[in-house]
Amino acid sequence: MKRDSLFCATRCSGLLCLLGGSRFNQFSIAVAIVSGIWLSAAVATAHAAQCVIVTLTGTGPGPGVFNGLAGPGTLVRYGDDSNNCGAVKLQFDVGRGTTLRLSQLGVFPAQLNGVFFTHMHTDHTEGFADLVTLRWFFNGAGPKIDVVCSSDIVSPRDFTVSCSKFTTHIGDAFIQSGEVAQRHSEDPKNRTAGGPADLIHTITFEPKEEPQGVWSSGDVKVSAIRSTHIVGHVSYRVETPAGSVVIGGDAGNDALTPPRASSTSDQVEKLAKGTDIIVHSTIHPIMAPDKGSGMFAYAFYRQSTATDLGAMAKRAGAKYLMLTHLIPAIGAERQGPWNIPGGPLTEADYRKAVEESGFTGNIIVGTDLASVRLPGN
Ligand SMILES: [Zn+2]
């Protein structure tokens, strides 16, 4: 759909296209008086305008909790004005409280088309049991949900990181407690005997150094690339006719310690070339080991700093940088057991850290449910 209709230009010319439509409605009424026939044709055109909405479903600071923030996750919705950009709904990572945030958006587990995991750290996965159990409970007859993640990989320390085992065994605690049998017995036609895992279609792929297609539905295509954080970590790009978004996850540079050109991932940068939006976990430079936070060096260095992310977004030509999974959270006195040198950080502190990079695009310092909507091209 081209953005050549008058309505589209009226509604969606702003970079941040808001979900409301009062200006549109007033305008519609005015035009209706002039020509009802022309209006109905134009509305049909406007309703078909494609759009994408990227929403942070959780921006919390990691395994720890702070002030009710949900764990990391991003919802990408694509569609057109007639379905409020909601024909396709993809969830990237499912941190603690994801279903609660989704419910605030009017999105329920059964409506998701796919779930994608960047990595198996619990702060990115611990909301998944809740999500699929709810799905099984109310929509137990299916269909299955696609869950996309990297294939099993043996760590250099000789244990296996396995997304496929995670999804296969996601309901095991509730099988052991008898809850799955209990709920199945209450409604055997609509709830499978095997529990939530019966409703998952796990799609795994071998992470590569170049982007590869891992999922698609109609106009929506998702590609992935290997990135460094823990073994099996991957980053994703969602391509739609209305715009594109890269979900970096917790990616950092392959060189795990300085000296290095950047804390950001070369692979994510490759994936992000020319994208509209980059969503990325971040750590504030103030937490660096030489600044007195006391944070473990490895835990600092495997994240991307806000300043380096700004530089990467600039090089990639991104229009928006959405910071999420802020370490530390805005206003927090401490990051887990560690000090925050200089005291709690503000939104402005993160913004300033990005601006130091020279990035001149839109900076969104993430809070739960922060959204960016893109108009159709
Ligand atoms: Zn992580």
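The values are calculated or read from the model by the stated rules, or taken from the named source; none is laboratory data. What you are looking at is a predicted structure, and each value in this text was computed from that prediction instead of being measured. Ideal geometry is used to build each Cβ from the backbone, glycine not excepted, and the neighbour counts take in all protein chains shown. Only protein heavy atoms, including side chains, enter the accessible area calculation; ligands, DNA and RNA are left aside. Shrake-Rupley method; radii C 1.70, N 1.55, O 1.52, S 1.80 Å.
Listed values, structure above:
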quantity: Residue tally, condition surrounded by fewer than 22 Cβ atoms within 10 Å (Cβ to Cβ) and hydroxyl-bearing (Ser, Thr, Tyr), over the range 73-97; calculated: 1
quantity: Any hit, the range 125-143, residues being within 13 Å of the chain's Cα centre (by Cα) and part of a helix (DSSP H, G or I); calculated: yes
quantity: Selected residue (only one of Ala181, Ala261 is more than 18 Å from the chain's Cα centre (by Cα), surrounded by fewer than 19 Cβ atoms within 10 Å (Cβ to Cβ), assigned to a loop (DSSP other than H, G, I, E, B) and without any contact (Cβ under 8 Å) to a residue 40 or more places away in the chain); calculated: Ala261
quantity: Some residue of the range 52-67 being open to solvent by 50 Å² or more (accessible area, probe 1.4 Å) and small (Gly, Ala, Ser); calculated: no
quantity: Hits in the range 221-243 - residues which are in a strand (DSSP E or B), within 16 Å of the ligand (Cβ to nearest atom) and among the hydrophobic types (A, V, I, L, M, F, W, C); calculated: Val234
quantity: Answer from Ala70, Ala48 - the residue that is within 16 Å of the ligand (Cβ to nearest atom) and either open to solvent by 20 Å² or more (accessible area, probe 1.4 Å) or hydrophobic (A, V, I, L, M, F, W, C) (or both); calculated: Ala70
quantity: Meets criteria (among the aliphatic types (A, V, I, L, M) and within 16 Å of the ligand (Cβ to nearest atom)) for Val94; calculated: yes
quantity: Subset of the range 308-337 (residues that are touching a residue at least 24 places away in the same chain (Cβ under 8 Å), open to solvent by 20 Å² or more (accessible area, probe 1.4 Å) and more than 16 Å from the ligand (Cβ to nearest atom)); calculated: Asp308, Ala311, Lys314, Arg315, Gly317, Lys319, Ile330, Gly331, Pro337
quantity: Positions within the range 154-177 being outside any loop (DSSP other than H, G, I, E, B) and open to solvent by less than 60 Å² (accessible area, probe 1.4 Å), in sequence order; calculated: Val161, Cys163, Ser164, Phe166, Thr167, Asp172
quantity: Any chance Gly194 is more than 16 Å from the ligand (Cβ to nearest atom), open to solvent by 60 Å² or more (accessible area, probe 1.4 Å) and free of Cβ contacts under 8 Å to residues at least 60 places away in the same chain; calculated: no
quantity: Selection from the range 109-124 of residues that are of a type outside the set (Phe, Trp, Tyr) and part of a loop (DSSP other than H, G, I, E, B); calculated: Leu112, Asn113, Thr118, His119, Met120, His121
quantity: Hey, Asp146 of a type in the set (Asp, Glu), outside any helix (DSSP H, G or I) and away from the ligand (no atom under 16 Å from the Cβ) or not; calculated: yes
quantity: Members of the range 200-220 found to be out of contact with any Ser or Thr (no Cβ under 8 Å at 6 or more places or on another chain) and either farther than 16 Å from Asp266 by Cβ or part of a strand (DSSP E or B) (or both), listed by number; calculated: His201, Ile203, Trp215, Ser216, Ser217, Gly218
quantity: Exclusive hit being within 13 Å of the ligand (Cβ to nearest atom) and aromatic (Phe, Trp, Tyr), set Phe117, Phe128; calculated: Phe117
quantity: The range 344-362, residues that are open to solvent by less than 20 Å² (accessible area, probe 1.4 Å) and under 24 Å from Met295 (Cβ atoms); calculated: Leu345, Tyr350, Ala353, Val354
quantity: Pair list, Cβ < 7 Å and 6+ apart or interchain, from the range 46-66 residues that are over 12 Å from Cys85 (Cβ atoms) to residues that are of a type in the set (Gly, Ala, Ser) and part of a strand (DSSP E or B); calculated: Thr57/Gly73; Gly58/Gly73
quantity: Selection from the range 102-151 of residues that are open to solvent by less than 40 Å² (accessible area, probe 1.4 Å), under 12 Å from Gly73 (Cβ atoms) and not β-branched (Val, Ile, Thr); calculated: Leu102, Leu112, Phe116, Phe117, Asp123, His124, Gly127, Phe128, Leu131
quantity: One residue from Thr305, Thr257 being away from the ligand (no atom under 16 Å from the Cβ) and at negative phi; calculated: Thr257
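Let's see how each residue does on (1) within 17 Å of the chain's Cα centre (by Cα); (2) of a type in the set (Lys, Arg):
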{"residue": "Ser235", "(1), (2)": "yes, no"}
{"residue": "Val245", "(1), (2)": "yes, no"}
{"residue": "Ala255", "(1), (2)": "no, no"}
{"residue": "Asp266", "(1), (2)": "no, no"}
{"residue": "Lys270", "(1), (2)": "no, yes"}
